[in-house]
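Participant: The structure is given below, and queries will be raised subsequently.
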Amino acid sequence: EEQQRNDAFEARIEAGDFIEAKDWMPEHYRKTLVRQISQHAHSEIVGMLPEGNWITRAPSLKRKAILLAKVQDEGGHGLYLYSAAETLGTSRDQMLDALHSGRAKYSSIFNYPTLTWADIGVIGWLVDGAAIMNQVPLCRCSYGPYARAMIRICREESFHQRQGYESLLTMMRDGTEAQKALVQDAVNRWWWPSLMMFGPADKDSPNSEQSMRWGIKRLTNDELRQKFVDATVPQAELLGISLPDADLKWNAERDHYDFGAIDWNEFWRVVGGNGPCNTERLQTRVKAWDDGAWVREAALSHARKRATEAKA
Ligand code: FAQ
């Protein structure tokens, strides 16, 4: 009977059906989705921190309003994604506990510091740019609740990308030499970590093959990374900044840009908890959770009181 259910499931995947929360699914499919969606949610939540660092120091009211809206969107994306993961039978408490105890992963990119205002523009341009490249294909993920959440999230991410690029254009066109140098310095620091967001090379990616077969992922890590490089190089040219890779050049035969070797030791070091800001990010999240305990207690107590009143 299990075999029959499994065959029927595989046939639905093959036919391009969406799998819904109450449908039967193999345990491994469920686990893979919980892993990916909860990591994605944690990334959005931890991803609020590097930018949050600059809200009080934004250079104008307009930039501050934009940044506030962006960081709030990220909080919303995190909550949306926790809900999508909850449809698979995991609780938010379990997911948060995994994050706060350091067992859960979140994107390596958020373990780098935001040193100057230019970093905020560069995060929008490169980090949100990479996020969109990875997430647009996820709108066609075989798991319905995740795919549908991705649609709204991608729309908001594209606003995030554009505000970042526009802020860099302003600095590069109207800025002083010192401001232009800040942009170049930020690009130099964020370029390689952005390429690492797509995950290990396909040959070193243990989850890709099965996730591709199940339509959880639609494009491989290397395919997405190449698409990102191809889309980003012309944007860098328009900005008038250089990318920190001597091997980056157009390859007419492949019809793609070639690029240099990624430092995978750095990638695994950061994923393993030893990047520049891992400890600080986790501590900040745990403190926010602990500091919010009284709000949760008050809300629960209020709900209990209302329930008793309703009965009386
Ligand atoms: N960082 O076998 P694979 C955002 C782990 S965007 C940390 O290739 P998979 C928006 C991976 O989990 C960022 N860990 O894994 C925003 C696995 O370990 P595990 C979030 C990484 O799942 C913008 C191991 O390495 N986006 O937040 C990373 O098939 C600006 C082997 O890897 C998403 O999460 C990494 N970069 O492919 C917010 C998108 N890469 O789990 C604020 C959804 C790999 O077995 C500001 N996720 N690992 O212990 C995905 O598409 C996939 O999960 C990949 C990884 C592509 C990230």
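The values are calculated or read from the model by the stated rules, or taken from the named source; none is laboratory data. Keep in mind the model is a prediction, meaning the values are calculated, not measured. Here Cβ is always computed from backbone atoms with ideal geometry, including for glycine, and neighbour counts include all displayed protein chains. In case anyone asks, the SASA skips ligands and DNA or RNA and just uses the protein heavy atoms, side chains included. Shrake-Rupley method; radii C 1.70, N 1.55, O 1.52, S 1.80 Å.
Participant: May I ask for the longest run of the chain untouched by trypsin sites (Lys or Arg not before Pro) that are loop-located per DSSP and have at most 10 neighbouring C-beta atoms (other than their own) within 10 Å? Before the final figure, lay out the partial values.
Facilitator: Working: sites that count: 22, 103, 254.
Between the exposed loop sites, the longest stretch runs 104-253.
Participant: Can I get the semi-axes of the chain's equivalent ellipsoid? Compute them from the C-alpha gyration tensor as square roots of 5 times the eigenvalues, in angstrom, largest first.
Facilitator: Semi-axes from the Cα gyration tensor: 34, 28, 17 Å.
Participant: For every helix of n ≥ 4 consecutive DSSP H residues, a contribution of -39,500 (n - 2.57) applies; sum these over the chain, divide by its total residues, and give [θ] at 222 nm rounded to the nearest 500 deg cm²/dmol. Let's see the in-between values first.
Facilitator: Numbers: 14 runs with 202 residues, N = 312.
-21000 deg cm²/dmol, from helical runs alone.
Participant: Turning to a different aspect of this structure: As a test of reading the structure, rank 68, 99 by solvent-accessible area (1.4 Å probe, protein chains only), most first. Intermediate results must be reported in sequence, preceding the final value.
Facilitator: Values: 68 75, 99 0 Å².
Of 68, 99, the descending order of accessible area is 68, 99.
Participant: Could you please state, rounded to a whole Å, how far the C-alpha centre of the stretch 194-239 is from the C-alpha centre of the stretch 1-28?
Facilitator: The distance from the Cα centre of the stretch 194-239 to that of the stretch 1-28 comes to 27 Å.
Participant: Excluding same-chain residues fewer than 8 positions from residue 22, which lysines have a Cα within less than 18 Å of its Cα?
Facilitator: Once the sequence-local lysines are set aside, what remains near residue 22 is 31.
Participant: Keeping the other protein chains in place, figure out the carbon and sulfur percent of the accessible area of the chain, with a 1.4 Å probe.
Facilitator: 54 percent
Participant: While we're here: For the chain, what relative contact order do you get, as a whole percent, if you take Cα pairs closer than 8 Å and at least 6 residues apart?
Facilitator: Answer for the chain is 19 percent.
Participant: Also: Across the Cα atoms of the stretch 192-312, what radius of gyration and what greatest pairwise Cα-Cα distance (Dmax) are found, in Å?
Facilitator: 23.2, 78
Participant: Same structure, new question: Once each part is reduced to its C-alpha centroid, what is the distance from the stretch 92-157 to the stretch 270-302 in angstrom?
Facilitator: Spelled out, the Cα-based centre of one part sits 18 Å from the other.
Participant: Report the one residue of 15, 52, 80 whose Cα lies farthest in the direction of the positive end of the charge dipole of the stretch 1-120 (charges on C-beta: Lys and Arg +1, Asp and Glu -1; origin at the Cα centre).
Facilitator: Towards the positive end, the residue furthest out is 52.
Participant: Per residue, how large is the accessible surface of the stretch 120-224? Use a 1.4 angstrom probe and give square angstrom.
Facilitator: Per residue, the stretch 120-224 has an accessible area of 40 Å².
Participant: Further, regarding this structure: Farthest toward the dipole's positive end in the stretch 125-198, which of 147, 175, 192, given Cβ charges of +1 (Lys, Arg) and -1 (Asp, Glu) about the Cα centre?
Facilitator: 147
Participant: Can you list the DSSP H helices in the chain whose Cα atoms extend at least 18 Å along the helix axis and whose mean Kyte-Doolittle hydropathy is -0.5 or higher?
Facilitator: What comes out of the filter, once short or polar helices are dropped, is 61-86, 177-196, 221-239.
Participant: Enumerate the amide H contacts of residue 19 below 5 Å, restricted to partners 5 or more residues apart or on another chain; note that Pro and chain-start residues carry no placed amide H.
Facilitator: 143, 144
Participant: Given the options 256, 127, 236, identify the residue whose Cα lies farthest towards the positive end of the charge dipole of the chain (+1 on Cβ of Lys, Arg; -1 on Cβ of Asp, Glu).
Facilitator: 127
Participant: Can you give me the long-range amide H partners of residue 256? Hydrogens built in the peptide plane at 1.01 Å from N, cutoff under 5 Å, separation of 5 or more residues or another chain.
Facilitator: HN-HN under 5 Å from residue 256: 251.
Participant: Give me the dipole magnitude in Debye, nearest 20, for the chain about the Cα centre, with unit charges on the beta carbon: positive for Lys and Arg, negative for Asp and Glu.
Facilitator: Using Cβ point charges on Lys, Arg, Asp and Glu, the chain gives about 1180 debye.
Participant: Using a 1.4 angstrom probe on the protein heavy atoms only, line up 128, 290 by accessible area, largest first.
Facilitator: 290, 128
Participant: Ordering 268, 190 by how much accessible area each has at a 1.4 Å probe, largest first, what is the list?
Facilitator: Numbers: 268 125, 190 5 Å².
If we order 268, 190 from most to least accessible, we get 268, 190.
Participant: Reachable lysines from residue 62, Cα under 29 Å, same-chain residues fewer than 8 places away excluded?
Facilitator: In chain and number order, the partners are 70, 180.
Participant: Could you tell me whether the stretch 142-227 comes out rounded, prolate or oblate from its Cα gyration tensor? Rule is a ≥ b ≥ c as square roots of the eigenvalues, rounded for a/c under 1.5, then prolate if a/b exceeds b/c, otherwise oblate.
Facilitator: Oblate, since a/c reaches 1.5 and b/c is not below a/b.
Participant: Same structure, new question: Please report, to one decimal in angstroms, the Kirkwood hydrodynamic radius of the stretch 56-184 built from all distinct Cα-Cα pairs.
Facilitator: 16.3 Å
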